[in-house]
Amino acid sequence: MRKIFLVFLIIFSGCNITKKANNSSTIKKIPTKRLLENVEKNKSDFTYLLLRSQATVIENGSKSQFNVSIRIKKDDKILISGSLLIPLFKGLFTENKLMFYEKLNKSYYEGNFQYVSELFNFEFTLESVQNLLTGEPLTFKNSKLTQALKNSEYELESYDRKKKVSKSYTFNPINFNLKKQSFSNNLGAKLSVVYDNYKTLGKVNVPQLITILATNKDKTTRVVIKSKISRINQEVTFPFKIPSGYKKIKL
């Protein structure tokens with residue numbers, strides 16, 4: 001149960017190697033305010049989003065693959081379902097709650113985002129999980145951002161003195177798609193999320209390849225999520241009910 005639950009959390013905690021423009025040498029630093037405005041304009045505008053995905057998890061030499069369905073009602077809820085020939089698990093994120101159950105051991109978890117936040121050294125919320133999956137910065141809130149131009153790409157950096165967390169965000173200089181976001185603390189724990197193969201349909205612009213790398217002193221976990229947009233702005237249901245007889249666990 002714990003391993004499946006950790007896989008679920010890693011997948012939703014989220015390599016963009018885009019071709020460099022021929023005129024990359026002419027890219028110049030722009031005002032940070034203008035860069036932020038361009039990033040804001042690039043955000044996807046949707047009410048409902050349905051993604052069909054395959055997640056590959058590599059941890060301690062062990063490799064697992066799952067088929068994953070991701071349903072998002074923007075700023076309201078996220079439902080995920082994992083399967084491998086048969087249904088394996090289902091989880092629901094809401095504004096203040098995380099609920100999850102898995103079928104193999106007939107167990108479930110119900111609580112807030114505290115465990116997820118402690119696991120990844122980042123204060124996750126519904127919004128940040130949504131942003132991770134749709135290729136947007138996890139958070140700019142309360143951040144004093146500094147800009148750099150590295151390898152012909154725009155990079156924004158900040159440091160949270162209270163939580164001792166360093167953050168960086170790398171953007172494509174042509175279309176301002178997010179290429180990578182990274183977080184690290186003074187204890188050596190790191191989380192990086194790299195994006196590639198963006199798909200634009202109407203006002204929706206999301207990555208179809210997400211690579212997550214979570215490391216600490218004890219282990220390294222790599223997750224690759226390959227997704228395809230299945231439905232946009234068509235209302236979808238969010239069926240979630242913990243089956244009777246399942247045992248509640250604490251983490």
Exercise. Mind ordering 51-57, 84-90, 150-156, 215-221 by average Cβ neighbours within 10 Å, highest first?
Worked result: 51-57, 150-156, 84-90, 215-221
Exercise. How far apart, in nm, are two points set 7 Å out from the Cα along the Cα-to-Cβ line at Gln234 and at Gln114?
Worked result: 4.1 nm
For this session: Net charge near Ala148: determine it from the other residues with C-beta under 11 Å of the C-beta of Ala148, scoring Lys and Arg +1 and Asp and Glu -1.
Result: -1
Seminar exercise, completed: quick shape note, the range 130-225: Cα extents on principal axes in Å, largest first -> 42, 29, 26
Seminar exercise, completed: Expressed in nanometres to one decimal, the distance between label points 7 Å along Cα→Cβ at Ser158 and Lys106 is 4.7 nm
Exercise. Label-point separation (nm) for Leu84 and Thr220, each offset 7 Å from Cα along Cα-to-Cβ?
Worked result: 2.2 nm
For this session: Work out how much length Ile174 to Lys247 would gain on full extension: take 0.36 nm times their residue separation and subtract the Cα-Cα distance, in nm to one decimal.
Result: 21.2 nm
Exercise. Considering the alpha-carbon set of the chain alone, what are its Rg and its Dmax in angstrom?
Worked result: 18.3, 63
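Here, each number is a calculation from the coordinates, and none is a lab measurement. From a predicted model like this one, the values you see are computed outputs, not experimental measurements. Backbone-built Cβ (ideal geometry, glycine too); neighbour counts: all protein chains shown.
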